[in-house]
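Inspection log for the structure reproduced underneath, given as structure tokens.
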Amino acid sequence: MLALSHLSQVDASAYDKIVSHSRIRAKKQGLPSGSVTLLIGMSLKPDLLLVFVSIYQCWVKSLNTSLFFFVLFFFNCSLHPLGRINMCAIQEIIGTKKKYFSTCRNWYMGSICGKKALVLYECCPGYMQLEGMRGCPAAVPIDTIYGTLGVVKADITKQYVDMSKLTEQTQGAGSYTMFAPSDEAWEQLDATKRTELLNNENTLLYDALHCHMVSKRFLTKDLKNDMTLESMHSKLGLYINHYSNGIITVNCARIIHGNQVATNGVVHVIDRVIAPVKNTIRDVIGTNEELSSLNRAVKKDSSLLGKLGQPGQYTLFAPTNKAFEKHKEGLKRILQDKTLVQAFLKYHLLSSVQCSEAILAGSRYETLEGSSIEIGCDGDSLTVNGIKMVLKKDIVTSNGVIHLIDQVLMPDSVKQVTELVGESQSTFGHQVTKLGLAAAMGPGAQYTLLAPLNTVFTDKVMSMDQHLLKIILKNHILKLKVTLSDLYNGQLLETLGGKFLRVFVYRTTVCIENACMVRGSKEGSNGALHLMKSLISTPSNSMYELLQKNGSFTVFLSLMEIAGLTELLKQEGAYTIFAPMDDAFDGVTEQDMKTLTSDINALRIILLYHFSNGIFISGGLEGSVTNLLETMQGNNLQMLSWPEPYLDLPTASMKENANEIPEKQRAFLPLTDLPVGREDLLYLLQKFIKYMQIKFVSGFNYKEVPFTFINKIITTHVVE
């Protein structure tokens, strides 16, 4: 059914939108088989008719063709059984009676809270079936609140209204909202409490029902998140939460059937019996014997203690005494430090109310501590960070809700730096302990771990001499706490091994020497942890020494010497060389070399195209885009890709100032025009230069290159 209409817009809540989506998903349930309905609507007054075009396909076998007969019907939209079928697709968790107007995510996954869900088709709120007709074409007759309780099958609530002498009020004049517990909700109520209510029908039962009523009509679109309504029982609060997934709760009771309009108000059916709420979160912590350990910890933070006693919207995951006992040793250090106590407690607290019935799938929520936790569900159980730990759900207070948990939640901010090591870096953590480096980190100082991933520790690395491995890993521990936001380009970081590591900051990553970071940095109480893609290699040679030692760059080095640029390879600085290997000069004859070196200025310009200002680690260049690197000659190198394998070769001068030398299989030049004034040089350059356009310009000469980039060394002899 295709709806082409511009009907007048009305305010729609998240609940109303979910119900509308459920109607769309159930649209086929009301259509006769073999028909396609095109619904055309116009923005007209309500009393005007809408036009419906129903297209029925008839097959004429004798002609072996398809004929379409178009029948134009003029019906009022609300009466036509094909126009509004008023059925909703609902998901029911298998093995339970819990039903939901499902979100898109749960609909396509076919499950809710990890449990398979059965799709049912029922009449949408406010509509009913008629015998012999498809869908739910009839509107439910409007009645008083008392009569409406029967319509929505809240029969036990209706019975208790009679018993408590509320019949006259619910049938009389006025405007009310009644949050009516379903029959299942009454049956799930504690038997002792229910008996107590029934034995005092004129007082306790009367008050309990008034606690479910408000002296004003509120439709679902009027029930805003964090709204507080005054109930008709001593004006006690009814705390509304309206979630983006369409769930509406009243004191954490979920509305399962909303907006059943009555002549004197509206009825919303809820899934549990509401209890009167008088206490704050602080009151509950102070009086619940299971939370005495938590209460003692909260008293150490007077500001938080005051906040939990004031109006607000909070969710507290409250560890029980047994949870504190499980982590007694780890908590001892935390509870002695006021700053850590505050961070620890705030990590258990959200600045929003998250009732259990609103959690249909895992979502992340920011805590008052600043980091986030994941709240999810597994069947009827709530999970925190993927772990079933909630013992008791939905203790409703006047300023939020409490969930009791059997474990304490530890934020990174209260952990020691060695406790930050996770599963993906467990090999590094094990080696740090095994080689005695954990003991070397004193309790009073701060450190930073540069932790390589487990995949870095290959068989070759693990078979390395233990003394050498210890030296390498010492240079993965910094002598101070350095968070990700503290790092800047050119920064020097001292390691436990006494080396100074350089920091290179790029657009999408940060590298330390030859190793680049991956996502997952953490900050603890006495340090930080960063995840590294590879082992860090500290430089020990200058560029010249490294190229000479490698043996594959003899032609390049000879050309550098002829051009008078050798000193550039030896001096201090921050450069990246795209160094052409000897293979790049295959096919170049002795005569070609004479031609190339005959114009010293041309040779220098070509060689300086291979030098970039700044150090660029291969992992620091952004993939799938063109990286522009400025050369010492003045033009930009256009790095279109970074082919594998590339070998990052960290080098150093006399003062450990390293440079980067990616090996190249051919001379690397920018994608710009290079003018040449000699035909013999033009022919030669075209033989081995593939990455630029070379154009002949008659009479063109290269200008002399000023050697401002080479440091002059002045030696002074003092004679006494």
| query | Any idea which of K116, K165 is open to solvent by 60 Å² or more (accessible area, probe 1.4 Å) and in a strand (DSSP E or B)? | reply | K116
| Unmet criterion (only one of (1) surrounded by 19 or more Cβ atoms within 10 Å (Cβ to Cβ); (2) out of contact with any Cys (no Cβ under 9 Å at 6 or more places or on another chain)) for G376 | (2)
| query | Tell me, which residue of region 459-476 that is touching a residue at least 40 places away in the same chain (Cβ under 8 Å) and closer than 21 Å to F500 by Cβ is surrounded by the fewest Cβ atoms within 10 Å (Cβ to Cβ)? | reply | I472
| said: I'd like to know if region 507-521 contains one or more residues that are in a loop (DSSP other than H, G, I, E, B), surrounded by fewer than 17 Cβ atoms within 10 Å (Cβ to Cβ) and either of a type in the set (F, W, Y) or in contact (Cβ under 8 Å) with a residue 60 or more places away in the chain (or both). | reply: yes
| field | Of all residues in region 492-523 being among the polar types (S, T, N, Q) and under 28 Å from L435 (Cα atoms), the one that is farthest from the chain's Cα centre (by Cα) | value | T495
| Pick from T397, T448, T427: which is touching a residue at least 24 places away in the same chain (Cβ under 8 Å), farther than 26 Å from S534 by Cβ, buried (at least 17 other Cβ atoms within 10 Å of the Cβ) and not small (G, A, S)? | T397
| request: Confirm whether L496 is aliphatic (A, V, I, L, M), crowded, with 16+ Cβ neighbours inside 10 Å and modelled with pLDDT under 95. | output: yes
| said: If I go through region 573-595 residue by residue, how many of them are over 23 Å from L637 (Cα atoms), touching a Leu at 6+ places or on another chain (Cβ under 9 Å) and in contact (Cβ under 8 Å) with a residue 12 or more places away in the chain? | reply: 3
| task | Confirm whether K116 is on the phi > 0 side of the Ramachandran plot and either charged (D, E, K, R) or within 40 Å of the chain's Cα centre (by Cα) (or both). | result | no
| request: Hey, can you tell me all the residues within region 227-275 that are of a type in the set (D, E, K, R) and either within 34 Å of the chain's Cα centre (by Cα) or part of a strand (DSSP E or B) (or both)? | output: E230, R254, D271, R272
| What are the residue pairs meeting all of these: first residue in region 216-228, first residue within 12 Å of S175 (Cβ to Cβ), second residue surrounded by fewer than 16 Cβ atoms within 10 Å (Cβ to Cβ) and polar (S, T, N, Q), Cβ atoms under 6 Å, and 6 or more apart or on different chains? | K216/S175; R217/S175
| Among all residue pairs at least 6 apart or on different chains, which show Cβ distances below 8 Å where the first residue, located in region 553-572, is assigned to a helix (DSSP H, G or I) and the second is among the aromatic types (F, W, Y)? | V555/F585; L557/Y544; T566/Y544; L568/Y575; L568/F611; L568/F709; L569/Y544; K570/Y544
| said: I'm trying to understand the selection: among the residues of region 253-267, which are touching a Gly at 6+ places or on another chain (Cβ under 8 Å) and among the polar types (S, T, N, Q)? | reply: N259, Q260, N264
| Where a residue in region 298-325 is open to solvent by less than 10 Å² (accessible area, probe 1.4 Å) and its partner, wherever it lies, is among the basic types (K, R) and outside any loop (DSSP other than H, G, I, E, B), with Cβ under 6 Å and at least six apart | L308/R282
| remark: Within region 596-621, restricting to residues that are over 30 Å from F504 (Cβ atoms) and open to solvent by 20 Å² or more (accessible area, probe 1.4 Å), the one that is farthest from the chain's Cα centre (by Cα) is S598
| request: Working only within region 413-424, note down all residues that are buried (at least 19 other Cβ atoms within 10 Å of the Cβ) and of a type outside the set (S, T, N, Q). | output: V414, K415, V417, L420, V421
| Can you find even one residue in region 232-242 that is touching a residue at least 12 places away in the same chain (Cβ under 8 Å), aliphatic (A, V, I, L, M), in contact with an Asp or Glu (Cβ under 7 Å, 6 or more places away or on another chain) and surrounded by 15 or more Cβ atoms within 10 Å (Cβ to Cβ)? | no
| Conditions (1) polar (S, T, N, Q); (2) free of Cβ contacts under 8 Å to residues at least 60 places away in the same chain; (3) open to solvent by 50 Å² or more (accessible area, probe 1.4 Å); number of the one not met by T383 | (3)
| task | With respect to S371, determine if the residue is among the polar types (S, T, N, Q), open to solvent by 30 Å² or more (accessible area, probe 1.4 Å) and within 21 Å of the chain's Cα centre (by Cα). | result | yes
| The one condition in (1) assigned to a strand (DSSP E or B); (2) open to solvent by less than 80 Å² (accessible area, probe 1.4 Å); (3) not charged (D, E, K, R) that L149 fails to fulfil | (1)
| said: Residues that are more than 30 Å from the chain's Cα centre (by Cα), of a type outside the set (A, V, I, L, M, F, W, C) and not in a helix (DSSP H, G or I): does region 318-338 have at least one? | reply: yes
| said: For region 202-215, give me each residue that is β-branched (V, I, T) and either surrounded by 20 or more Cβ atoms within 10 Å (Cβ to Cβ) or in contact (Cβ under 8 Å) with a residue 40 or more places away in the chain (or both). | reply: V214
| message | If I go through region 183-201 residue by residue, how many of them are open to solvent by less than 50 Å² (accessible area, probe 1.4 Å) and more than 37 Å from the chain's Cα centre (by Cα)? | response | 4
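List the strands (runs of 3 or more DSSP E) inside region 355-455, counting only whole elements, that have at least 3 residues being at pLDDT 95 or above and hydrophobic (A, V, I, L, M, F, W, C).
400-405, 447-452
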| request: Please work out which one of (1) under 24 Å from A185 (Cα atoms); (2) crowded, with 21+ Cβ neighbours inside 10 Å; (3) not polar (S, T, N, Q) is the condition L291 fails and give its number. | output: (1)
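Looking at S485, S537, which is the one that is closer than 30 Å to R333 by Cα and either open to solvent by 40 Å² or more (accessible area, probe 1.4 Å) or assigned to a strand (DSSP E or B) (or both)?
S485
The values are calculated or read from the model by the stated rules, or taken from the named source; none is laboratory data. Please read these numbers as outputs of a predicted model, since none were measured by experiment. As a convention, Cβ positions derive from the backbone with ideal geometry for all residues, glycine included, and neighbour counts pool all protein chains shown. Side chains included, ligands, DNA and RNA excluded: accessible areas come from the protein's heavy atoms. Shrake-Rupley method; radii C 1.70, N 1.55, O 1.52, S 1.80 Å.
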